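The values are calculated or read from the model by the stated rules, or taken from the named source; none is laboratory data. All of these numbers come straight from a predicted model, not from anything done at the bench. Here the Cβ is made from the backbone with ideal geometry for all residues, glycine too, and neighbour counts use every protein chain on show. Side chains included, ligands, DNA and RNA excluded: accessible areas come from the protein's heavy atoms. Shrake-Rupley method; radii C 1.70, N 1.55, O 1.52, S 1.80 Å.
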Amino acid sequence: MEELSPRSVMQTAVRPPMIMVSGEGSWLVDSNGKRYLDFVQGWAVNCLGHCAPVVVDALARQSRLLINPSPAFYNVGMLELANLITHYSELDRVFFCNTGAEANEGAIKLARKWGQIHKNGAFQIITFDNSFHGRTLATMSASGKAQWTTLFEPKVPGFIKVPFNRIEAVESVITDQCVAIMLELVQGEGGVIPADPEFIDQLQQLAKSRSLLLIIDEVQTGVGRTGPLFCFQRYGIQPDIFTLGKGLGGGVPLAALVASESVAVFAPGDQGGTYNGNPLMTAVGVGVLKTVADPKFLELSHAMSIYLVQTLQTMSDRFGLSGTRGMGLLQALILNSDDASTIVSVAMERGLLLNAPQPNIIRFMPSLVVSKEEIDLMAEILSKILSDIF
Ligand SMILES: Cc1ncc(COP(=O)(O)O)c(C=O)c1O
């Protein structure tokens, strides 16, 4: 066989030259047999680690039974997973899709339809600076990523961006044309910035008093990533709409748009997609969600998150850095300089995968079953790099 070359792949990302061939738990292996301790996990996707038995078994079992009867039919996984999500979230209706962006795109469409029916055609959605909601044209338009401001113009209209965690900024832009407020409770790509609890309380009251829908993007924070099953449970709020992706499929493409009964106004034909809610992916989702929703599982991953924070804080103290921030197993180490990308590159050479969402931020998103030993090993490799650099 001709040697594998990247020449036919569109260069939409700056990729290192190695080719990944296998994974198990917290470890990823390239074609030269080099092993990487993975604290990125496909950007917080493999919540049970690489090739988790729950995921592999569900795929094997379901692929022998039925892969895709078409979204025009119910299937067992679709019904079971929808019931689990409504049970745990206390919302009422679920639409399955393949990516977080698609789920958010659906949330935007659902809010606009609700606005047509219930708010005289109001369609504007208030979103936040530094937010990230995906890469379809509408979700890019909703996102507050500064580098995207002039990309793919003209953008989809109807999004008003305001500073995060500032209630007066939200209040000041509300008009009769506004239908919803959409946000992440921890801005992941923005640099792991948690929403202030007081801001979220005020936001919920404001949304209620001005008849605005509250849309929570839980693509990164959902499915146990920040402690409870859904991050909005940590804030003690109930959104009108929320979205899931990433961890829901434990590594396979699966996402969900979830809404309360009164907001779930899609009529047949309004929303859909060939692969949406297929039994292969939803069978995996059932296995993943049942695993993560177990209180004992969440207790253990909570304990690991405390250990990770302590470990990062110790490192920050030792190297005179600016501390940590985050929630659960979505954490950041804050540097005093813009060296995060350099550190991430050196870490990769030394067999540790980390991520730099901002120039001074190193992000940690290990699997929810990461062990103390793996956290210790990560700290050992990273400390050596920090002492070499600083
Ligand atoms: C908060 C948030 N929303 C949406 C998305 C988009 O998800 P996907 O890449 O599956 O389209 C991401 C991905 O990083 C995300 O972090």
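The set of residues from segment 59-92 being outside any helix (DSSP H, G or I) and either under 13 Å from Gly277 (Cα atoms) or not assigned by TED's automatic domain parsing to the domain that holds Ala142 (or both) comprises Leu66, Ile67, Asn68, Pro69, Ser70, Pro71, Ala72, Phe73, Tyr74, Asn75.
Selection of segment 96-132 for residues being open to solvent by less than 50 Å² (accessible area, probe 1.4 Å), touching a helix residue (DSSP H, G or I) at 6+ places or on another chain (Cβ under 7 Å) and either small (Gly, Ala, Ser) or not in a helix (DSSP H, G or I) (or both) yields Phe96, Cys97, Gly100, Ala101, Gly121, Ala122, Ile125, Ile126, Thr127.
Among residues that are part of a strand (DSSP E or B) and closer than 25 Å to Ala122 by Cβ, Ile215 is included. Could you run through segment 215-236 and say how many residues are buried (at least 24 other Cβ atoms within 10 Å of the Cβ) and out of contact with any helix residue (DSSP H, G or I) (no Cβ under 7 Å at 6 or more places or on another chain)? Adding up the residues that qualify gives 1. Selection of segment 361-373 for residues being in contact (Cβ under 8 Å) with a residue 60 or more places away in the chain and open to solvent by 30 Å² or more (accessible area, probe 1.4 Å) yields Val369, Ser371, Lys372.
Being assigned to a helix (DSSP H, G or I), outside the structural domain of Cys231 (by TED's automatic domain parsing) and open to solvent by less than 10 Å² (accessible area, probe 1.4 Å) holds for only one residue in Leu377, Leu382, and it is Leu382.
Every residue, every condition in (1) within 20 Å of Ala180 (Cβ to Cβ); (2) of a type in the set (Lys, Arg), yes or no:
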| site | (1), (2) |
| --- | --- |
| Gln233 | no, no |
| Phe242 | yes, no |
| Lys246 | no, yes |
| Ala255 | yes, no |
| Ala264 | yes, no |
| Ala267 | yes, no |
| Gly273 | no, no |
| Asn276 | no, no |
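Among the conditions (1) open to solvent by 60 Å² or more (accessible area, probe 1.4 Å); (2) within 16 Å of the ligand (Cβ to nearest atom), Thr136 misses just one, which is (1).
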